[in-house]
Amino acid sequence: MADLGNDSGVWAAKAVGATAGAGVSLIYLFPKSRREAASRFLTGISCGLVFGGPTGVWLVERLGIAGELSGPEVMLTGSAAASLCAWWVLGMLARIAERYGKRVG
């Protein structure tokens, strides 16, 4: 497996992947307000940057293509996947809380 250290290319791939994942998620689950969009987008970026490495390694090993991708490619894929999943989870939780969390009275 390639070294996934502090290479600037790896960090750029993380940032691009996290942004792409959050952007794609915006298309699939459109937010109801600007506040929801901002919070979900920032959460997607954060999760993509933090969990992009482990997610990318997990995906590559799960698919059996570990020797075929470079470090930046693994980071790009992992960051996009982690960002996409974070967006979906946060969006669904916000909708559930809105539906069932209304105060009575």
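Brief remarks on what is shown
- Helix 71-100 axis, angle to the chain major axis (alpha carbon atoms, nearest 10°): 10
- Computed extension length for GLU68-SER33: 8.5 nm, one decimal, from 0.36 nm per residue of separation with the Cα-Cα distance subtracted.
- Rounded to the nearest 10 degrees, the inclination of helix 34-63 to the longest alpha-carbon principal axis of the chain is 30 degrees.
- Using alpha-carbon coordinates, inclination of helix 8-28 to the longest axis of the chain, degrees: 30
- The calculated pair-distance distribution of the chain uses every alpha carbon pair, bins of 10 angstrom beginning at 0, and gives 17, 41, 25, 12, 4, 1, 0 percent.
- Charge dipole magnitude, Cβ of K and R +1, D and E -1 - the chain, Cα centre, debye nearest 20: 940
- Label-to-label distance, ARG99 versus LEU26, with points set 7 angstrom from Cα along the beta-carbon direction: 2.5 nm.
- Under 10 Å, Cβ to Cβ, from MET75 - net charge with Lys/Arg +1 and Asp/Glu -1: -1
Bear in mind that the values in this text are calculations on the coordinates, not laboratory data. A quick note: this is a predicted structure, and the numbers were derived from the prediction, not measured. Neighbour counts are summed over all protein chains in view; Cβ atoms, including those assigned to glycine, are modelled from backbone coordinates with ideal geometry.
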